[in-house]
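Engineer: The structure follows.
Each value in this text was obtained by applying a stated rule to the coordinates, not by laboratory testing. Predicted model, so just to flag it, every value in this text is computed and none were measured. All Cβ positions, glycine included, derive from the backbone under ideal geometry; neighbour counts span all protein chains shown.
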Amino acid sequence: MPTTRPRHFVTETDDLADALDAAASRWPGLSRPQLLVRLALEGHQAAQRAHDERRRRRLAAVRQHSGILTGAYGPDYLQQLREEWPA
């Protein structure tokens with residue numbers, strides 16, 4: 001089919017063949033190229049979910065520990081520290 005979109009050529013290795021065979025069980029009736037597209041899109045969605053989950057955990061950790069050192073240093077701590085530096 002004519003298209004102006006880029007085309008990608010992939011060699012079906014043994015690992016890819018196994019993945020496509022498993023995908024064929026999940027999505028019967030699709031051709032191997034259609035299964036490859038499905039697997040690519042599913043992989044992208046899984047990677048995005050993993051990225052979002054890592055971000056959520058990092059933000060939760062920041063929120064949990066935010067302000068934990070509040071009051072750990074006295075009000076004049078920086079001024080006292082600077083006075084110790086040589087001029």
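Engineer: Residues of the stretch 27-43 being farther than 18 Å from MET1 by Cα and out of contact with any helix residue (DSSP H, G or I) (no Cβ under 7 Å at 6 or more places or on another chain), which ones?
Structural biologist: Result: PRO28, GLY29, ALA40, LEU41, GLU42, GLY43.
So that you can scan it fast, the table gives a plain yes or no per residue for (1) within 27 Å of the chain's Cα centre (by Cα); (2) surrounded by 10 or more Cβ atoms within 10 Å (Cβ to Cβ):
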{"residue": "PRO2", "(1), (2)": "no, no"}
{"residue": "LEU35", "(1), (2)": "yes, yes"}
{"residue": "LEU39", "(1), (2)": "yes, yes"}
{"residue": "GLY43", "(1), (2)": "yes, yes"}
{"residue": "GLN64", "(1), (2)": "yes, no"}
{"residue": "ILE68", "(1), (2)": "no, no"}
{"residue": "GLU83", "(1), (2)": "no, no"}
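Engineer: From the set of residues in the stretch 11-30 that are surrounded by 10 or more Cβ atoms within 10 Å (Cβ to Cβ) and not in a helix (DSSP H, G or I), which is farthest from the chain's Cα centre (by Cα)?
Structural biologist: The extreme case among them is LEU30.
Engineer: Okay, next question. Can you name every residue in the stretch 31-46 that is part of a helix (DSSP H, G or I) and small (Gly, Ala, Ser)?
Structural biologist: ALA40, GLY43, ALA46
Engineer: Determine whether LEU59 is touching a residue at least 12 places away in the same chain (Cβ under 8 Å), surrounded by 10 or more Cβ atoms within 10 Å (Cβ to Cβ), in a helix (DSSP H, G or I) and not charged (D, E, K, R).
Structural biologist: For LEU59, the condition - touching a residue at least 12 places away in the same chain (Cβ under 8 Å), surrounded by 10 or more Cβ atoms within 10 Å (Cβ to Cβ), in a helix (DSSP H, G or I) and not charged (D, E, K, R) - is not met.
Engineer: List pairs: first in the stretch 13-26 and free of Cβ contacts under 8 Å to residues at least 12 places away in the same chain, second surrounded by 11 or more Cβ atoms within 10 Å (Cβ to Cβ) and in a helix (DSSP H, G or I), Cβ under 7 Å, 6+ apart or cross-chain?
Structural biologist: Qualifying pairs under 7 Å: ALA24/LEU35.
Engineer: Quick check on ARG49: is it in a loop (DSSP other than H, G, I, E, B) and of a type in the set (D, E, K, R)?
Structural biologist: For ARG49, the condition - in a loop (DSSP other than H, G, I, E, B) and of a type in the set (D, E, K, R) - is not met.
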